[in-house]
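Novice: Encoded as structure tokens, here's the structure I'll be asking about.
The numbers here are math on the coordinates, done by the rules we state, and not lab data. Note that this is a predicted model, so its numbers are computed, not measured. Because the Cβ atoms are built from the backbone with ideal geometry, glycine has one as well, and the counts that use them run over all protein chains shown.
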Ligand SMILES: Cc1cc2nc3c(=O)[nH]c(=O)nc-3n(C[C@H](O)[C@H](O)[C@H](O)COP(=O)(O)O)c2cc1C
């Protein structure tokens, strides 16, 4: 599969952009376990232009992460064009536009999924961004604003016509937020529209190798993108690839393997974000790495309340000593 001139393997696996999750420390682990394409967390165009430090920091990418896309969002066309130029200067492999974020303060102001309510503006913005960069431009969006406005089948054709080179679809409406289940039938409809030639990447609720296989086989998508299923489980990419290649499940990762992963993740997170944020923003991963361990309540509490990196590393080692021989079952 190709996006512009980016070559991806057969059945490509994408790491979803996730704010405060897919920072360089987590991307390092996902890449190690076989993510084929990754993105930065979304970056507010206006903040980038105003030179806000936190937004600029999100532009940091390295060659080992390639292919990698920078994702931008905003409601103002000029600001989106300007920020596209700033992002292009960092030399990512593509620019992705976020037309899917459902968060109230973003969508109600007309950015993210809010753009789905003004299709002419959405198309004009996309066309201007395509003109503003030599890089491939892709879009990530939802099915529509709500169940009365499922516009994605027509919108996909229109986005293709203004020059995007791939479309990622999260199979929910804005109104659904993260509720209910992703509607893969509609993702399949977009993919199987003969007029749509650009790659379609399906997204929503992929948490197991079996669901990944089904997305490819039943709905025919060109790639799949995984979000929440990677949190505390960056190795899901390896599990899926193994299943796609062999039709069997891998042995579950051991506690000691997870201990090593968690330690590396803490170290990289602190390196990137500093001690306080580095530890805070790691927590949701930490808990998930060790989910399923028996009598874990007390340790879990310590993991979510300890703030010094050295102490967190010690706790993780203690988990190794206490549970080293524990066997995880195949996690469905
Ligand atoms: C914590 C969190 C942060 C997210 N941040 C972004 C973001 O920055 N950009 C984006 O396009 N989607 C974002 N999303 C949506 C995911 O990329 C993805 O579309 C959604 O979670 C559905 O996929 P999943 O079921 O595999 O999680 C975020 C989701 C979560 C849970």
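Novice: Kindly express, to the nearest 10 degrees and within the range 0 to 90, the angle between helix 77-89's C-alpha long axis and the longest C-alpha principal axis of the chain.
Specialist: 50 degrees
Novice: Mind giving me the nanometre distance, one decimal, between the label points for residue 19 and residue 300, set 7 Å out from Cα along Cα→Cβ?
Specialist: 2.7 nm
Novice: Going by alpha carbons, how many degrees (0 to 90, nearest 10) lie between the helix axis of 119-132 and the longest principal axis of the chain?
Specialist: That helix lies at roughly 80 degrees to the long axis.
Novice: Quick check: from the Cα gyration tensor, does region 255-323 come out rounded (a/c under 1.5), prolate or oblate?
Specialist: prolate
Novice: For the chain, set up a Gaussian network in which alpha carbons nearer than 10 Å are linked by springs, and say which option among 301, 116, 94 fluctuates the most.
Specialist: Sorting by GNM fluctuation, first place goes to 301.
Novice: Which distance in nm do the two modelled labels at residue 62 and residue 2 give, with both placed 7 Å along the Cα-to-Cβ direction?
Specialist: Going from the residue 62 label point to the residue 2 one covers 3.0 nm.
Novice: Further question on the same structure: What is the gain in length, in nm to one decimal, between residue 178 and residue 54 on full extension, counting 0.36 nm per residue of separation less the C-alpha to C-alpha distance?
Specialist: Result for the pair: 42.0 nm of gain on full extension.
Novice: Taking springs between alpha-carbon atoms closer than 10 angstrom, which of 100, 274, 202 fluctuates most in the Gaussian network model of the chain?
Specialist: 274
Novice: Moving to a separate point now. Could you work out how much longer the chain between residue 118 and residue 242 gets when fully extended? Use 0.36 nm per residue separation minus the Cα distance between them, nm to one decimal.
Specialist: Result: 40.4 nm gained on full extension.
Novice: Against the empirical 2.2 N^0.38 Å scaling, what ratio does the C-alpha Rg of region 229-294 come to?
Specialist: The value comes to 1.25.
Novice: List the extent of the Cα atoms of region 1-132 along each of their three principal axes, largest first, rounded to whole Å.
Specialist: 38, 32, 27
Novice: For labels at residue 310 and residue 197 in the simple 7 Å Cα→Cβ model, what's the distance in nm?
Specialist: In this crude label model, residue 310 to residue 197 measures out at 6.1 nm.
Novice: Give me the extension gain from residue 284 to residue 329: residue separation times 0.36 nm, minus the current Cα-Cα distance, reported in nm with one decimal.
Specialist: 14.1 nm
Novice: Which whole-percent values make up P(r) of region 80-137 when all C-alpha to C-alpha distances are grouped in 10 Å steps starting at zero?
Specialist: Per 10 Å bin, starting at 0, the Cα pair percentages come out as 25, 47, 27, 1.
Novice: Note down the Stokes-Einstein diffusion coefficient of the chain in µm²/s, whole number, using a Kirkwood radius over alpha carbon pairs, 10 °C, and 1.306 mPa s.
Specialist: 78 µm²/s
Novice: Which percentage, to the nearest 5, of the DSSP beta bridges contained in the chain is antiparallel?
Specialist: Once the DSSP bridges in the chain are tallied, antiparallel ones form about 10 percent.
Novice: Report the FRET efficiency, 1/(1 + (r/R0)^6), for residue 146 and residue 317, where r is their Cβ-Cβ distance and R0 is 45 Å, rounded to 0.05.
Specialist: After rounding, the FRET efficiency stands at 0.40.
Novice: Go ahead and set up a Gaussian network model of the chain, Cα springs under 10 Å, then flag whichever of 96, 217, 183 fluctuates most.
Specialist: 217
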